[in-house]
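**Student:** Encoded as structure tokens, here's the structure I'll be asking about.
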Amino acid sequence: MSVTLDSPLGAVVGDRSQKAFQKAFGYTTVADLLGHYPRRYATRGELTSIAEIPPGEHATLVAEIVSVSTRSMRQKRGSVLEVAITDGTGLVTLTFFNQAWRQKDLRDGARGIFAGKVGLYRGARQLAHPDYELFEDDPTEQAQEEWAKKPIPLYPSTSSLASWQIAKAIGVVLDVLDVSGEPVPDAIRETEGLASLSSSLEHIHRPKEQGHWQKARDSLRFQEALVLQTALAVRRAEQKNVESVARTPGADTNAFLAGLPFELTADQTSVINEIHDDMSSPHPMTRLIQGEVGSGKTVVAACAMVTVAQTGGQTALLAPTEVLATQHFRSLVKTLGPDMTARLNPVLLTGSLPAAAKKKALLAAASGASHLIIGTHALLSDAVSFADLGLVVIDEQHRFGVDQRETLRQKGRHPHLLVLTATPIPRTVAMTVFGDLDVSTIATMPEGRSPITSHVVALADHPSWMTRVWQRVAEEVENGRQAFVVAPAISPSVREEEHEEEEEISLEEPEPRALATVEETLPLLQAVPELQSARMEALHGRMPTDEKDEVMSRFGAGQCDVLVATTVIEVGIDVPNASIMVILDADRFGMSQLHQLRGRVGRGEHPGTCLLVTHAEQGTLARERVESVASTLDGFELAAKDVELRSEGDVLGVRQSGVRSRLKLLRVTRDGDIIDKAKGYADEIVSADPTLAGHKALVFEIARHLDEDSEDYLEKT
Ligand code: ADP
Ligand code: MG
């Protein structure tokens with residue numbers, strides 16, 4: 001039987017095992033199973049530190065038996081076999097009911113691997129009915145030595161598939177596997193000193209010594225980087241072949257720029273130039289603009305929109321919330337002035353528009369009567385079509401997935417693409433997740449911005465400081481300023497769902513303490529004596545849209561002094577008179593999110609203050625994250641720290657990339673060098689062989705990475 005990487009798993013390991021693997025991990029092919037790499041390696045000489053195993057978790061331990069005893073059960077008939085195992089620091093008891101026969105194998109001094117769910121019984125750790133495999137003693141001394149240092153792979157396992165069962169199945173596959181091609185070209189493998197794929201697979205799963213799996217892992221990690229970067233290089237090359245309408249700046253662009261009420265910053269000007277360079281070529285622009293909150297990305301995008309409009313094209317601007325879409329619409333109308341507004345006819349398209357207005361907007365988009373269509377997710381609907389979509393702008397891109405970006409792009413014939421983000425993206429992440437985008441950065445803020453001062457209000461240390469927080473709010477209001485109070489939840493039973501999906505991460509056990517809510521905080525504030533005369537309103541995602549808009553515009557117009565809100569206000573809201581923000585349970589938000597939130601104050605001539613209120617104890621990770629935010633105003637530094645403190649998966653975010661589940665050994669936060677190198681090689685490969693016709697094995701891996709059939713993939717390239 002010839003077994004290759006694309007063989008169905010069942011044909012090798014049998015249907016029953018195949019079903020177990022599919023159920024546990026979703027594996028269906030030989031390649032899937034062989035991609036299940038060990039989490040770590042143990043040796044028989046080494047023992048797992050038992051103290052580190054949290055109760056409730058499925059654990060695999062390497063340990064030695066120290067005592068074996070049987071006793072009768074207290075309440076029922078029958079016996080309990082109790083086996084104590086140790087790592088030299090702690091004890092775990094294995095219990096077996098009515099299985100006294102096991103005593104034969106489980107002898108004092110025997111070593112082995114034990115797996116099961118760690119439970120607590122009368123305060124002691126125990127594994128009830130664990131699976132185990134004892135190490136066999138080898139009679140010869142020399143063999144013993146080898147045996148003692150031979151690494152044992154420990155796999156990510158489940159209660160139905162123990163680590164050694166996985167190892168056995170992989171062994172069966174490796175015995176008959178025929179690896180036909182090498183994804184990494186020979187010349188590159190030689191230069192980089194990498195092992196072949198077949199030897200890597202053998203050695204990562206069945207190493208005879210430590211060095212084996214290390215080289216195998218390095219080789220497979222490089223392969224992963226090359227696969228990813230080649231996929232991206234192909235995508236970049238494709239974009240260069242696609243024809244698109246060139247859009248060059250003209251009289252309207254100049255009039256727009258001349259009419260701005262402020263001087264553009266140097267960065268804004270250079271990004272506008274980059275955009276115009278991109279768009280005046282006959283290939284679609286795909287550009288990401290990153291810049292701090294308030295750095296003025298919108299005006300840059302607006303300029304591109306005017307340029308496209310003056311060449312007859314339309315722009316669709318996608319914003320994550322209705323509040324933000326509405327704000328963009330209003331500020332665009334204002335910036336364009338009456339004359340250009342009349343000609344370009346901007347329309348707003350959101351889910352909550354009355355039917356008649358929606359129909360009108362749809363018609364304006366489809367007929368070409370409107371050149372600027374601004375909206376929310378509603379823009380993605382099938383009902384929306386355009387006469388000549390020349391540019392797609394995605395604001396706050398981290399709120400959208402790649403598929404949503406593509407859906408909108410499909411509504412035109414290769415329109416230019418501009419994505420805006422205030423969440424700075426570390427370079428390696430940009431290269432991995434957004435490798436098909438060019439990146440521009442607006443690094444400096446417009447002049448005249450007042451600095452924001454941030455303080456942590458640690459209620460764990462100073463419970464009484466809350467009173468002082470509200471006094472500070474009252475002081476600002478008395479001086480004619482406005483305040484934001486942000487809470488993580490809407491009401492005790494309703495959490496704000498519109499916004500917090502992926503940013504909010506709980507790194508520690510959830511505390512039993514209830515979170516601050518908008519509905520409870522408002523009456524609390526109304527009872528504060530100093531705030532008796534303040535006008536206060538609530539804003540959250542569960543309110544009807546027109547109500548939200550009314551509250552927002554009252555706050556914008558200064559008719560409301562204190563806005564108690566959820567993260568609805570996070571993105572983009574611009575109220576220059578707001579000078580103080582109080583964030584309750586600040587540890588409940590992501591670091592980048594806190595940074596974005598506080599960017600809502602200090603946007604005008606008044607200095608901004610941000611008070612980060614937390615119950616987190618000193619020394620906890622939660623507290624550290626909040627302190628980090630207070631300690632710097634540099635979004636890039638925070639993003640880097642955020643990456644450090646978050647898991648890889650959070651950094652990549654499935655919704656943004658779909659990459660998370662595919663990266664096994666590569667870590668974008670650690671493997672920048674490898675990614676750089678792989679990118680260089682990938683560009684060479686693709687420019688020498690654009691269809692990858694001579695790289696079958698690489699194509700196979702790319703298709704697996706993209707979850708596609710390789711034939712389909714080849715056809716497309
Ligand atoms: P963001 O990059 O966060 O989207 P905006 O585009 O909303 O920022 O800009 C924030 C505010 O700064 C807006 O009120 C905008 O009009 C203003 N602004 C933009 N560029 C400048 C500039 N060069 N000088 C002064 N104010 C500016
Ligand atoms: Mg913005």
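The values are calculated or read from the model by the stated rules, or taken from the named source; none is laboratory data. On a predicted model such as this, the values are computed, not experimentally measured, just so you know. Cβ placement follows ideal geometry from the backbone for every residue including glycine, while neighbour counts extend to all protein chains displayed.
**Student:** Check every one of the strands (runs of 3 or more DSSP E) wholly within the stretch 40-138 and list those with 1 or more residues that are over 26 Å from TRP213 (Cβ atoms).
**Tutor:** Numbers: elements: 40-43, 58-72, 79-86, 91-97, 111-121, 124-128, 131-134.
Filter on the stretch 40-138 gives 58-72, 79-86, 91-97, 111-121, 124-128.
**Student:** Let me ask something else about it. Does ASP278 count as closer than 28 Å to LEU417 by Cβ, within 31 Å of the chain's Cα centre (by Cα), within 16 Å of ligand 1 (Cβ to nearest atom) and in a helix (DSSP H, G or I)?
**Tutor:** No: the conditions fail for ASP278.
**Student:** I would also like to ask the following. Quick one: in the stretch 279-290, of everything that is of a type outside the set (S, T, N, Q) and in contact with a helix residue (DSSP H, G or I) (Cβ under 9 Å, 6 or more places away or on another chain), which residue is farthest from ARG598 (Cα to Cα)?
**Tutor:** The first filter runs over the stretch 279-290 and keeps only residues of a type outside the set (S, T, N, Q), leaving 279, 282-285, 287-289.
Checking the rest, the ones that are also in contact with a helix residue (DSSP H, G or I) (Cβ under 9 Å, 6 or more places away or on another chain) come to 279, 283-285, 287-289.
Details: MET279: 34, HIS283: 38, PRO284: 35, MET285: 32, ARG287: 27, LEU288: 23, ILE289: 21 Å.
Among those residues, the one meeting the criterion is HIS283.
**Student:** Just the residues that are more than 21 Å from ILE275 (Cα to Cα), out of contact with any Leu (no Cβ under 7 Å at 6 or more places or on another chain) and assigned to a loop (DSSP other than H, G, I, E, B), please, taken from the stretch 197-254.
**Tutor:** PRO207, LYS208, GLU209
**Student:** For the stretch 546-566, which residues satisfy the criterion of being surrounded by fewer than 24 Cβ atoms within 10 Å (Cβ to Cβ) and either within 16 Å of ligand 1 (Cβ to nearest atom) or of a type in the set (Gly, Ala, Ser) (or both)?
**Tutor:** Across the stretch 546-566, the qualifying residues are SER553, GLY556, ALA557, GLY558.
**Student:** Could you run through the stretch 329-357 and say how many residues are crowded, with 23+ Cβ neighbours inside 10 Å and either within 16 Å of ligand 1 (Cβ to nearest atom) or of a type in the set (Phe, Trp, Tyr) (or both)?
**Tutor:** 2
**Student:** On the basis of being in contact with a strand residue (DSSP E or B) (Cβ under 9 Å, 6 or more places away or on another chain), of a type in the set (D, E, K, R), within 16 Å of ligand 2 (Cβ to nearest atom) and not assigned by TED's automatic domain parsing to the domain that holds THR350, does ARG598 make the cut?
**Tutor:** yes
**Student:** Checking the condition part of a loop (DSSP other than H, G, I, E, B) and more than 30 Å from GLY294 (Cα to Cα), which residue from ALA364, ALA356, ALA369 passes?
**Tutor:** Residue meeting the stated conditions: ALA369.
**Student:** Between a first residue in the stretch 291-316 that is more than 18 Å from GLY599 (Cβ to Cβ) and a second residue that is near ligand 1 (Cβ under 8 Å from one of its atoms) and among the basic types (Lys, Arg), which pairs have beta carbons less than 8 Å apart while being 6 or more apart in sequence or on different chains?
**Tutor:** none
**Student:** Quick check: is even one residue across the stretch 570-583 part of a strand (DSSP E or B), more than 16 Å from ligand 2 (Cβ to nearest atom), over 28 Å from the mean Cα position of the chain (by Cα) and assigned by TED's automatic domain parsing to the domain that holds ARG472?
**Tutor:** yes
**Student:** Going by the structure shown, is VAL477 modelled with pLDDT of 95 or more and within 22 Å of GLN593 (Cβ to Cβ)?
**Tutor:** Against the criterion (modelled with pLDDT of 95 or more and within 22 Å of GLN593 (Cβ to Cβ)), VAL477 does not qualify.
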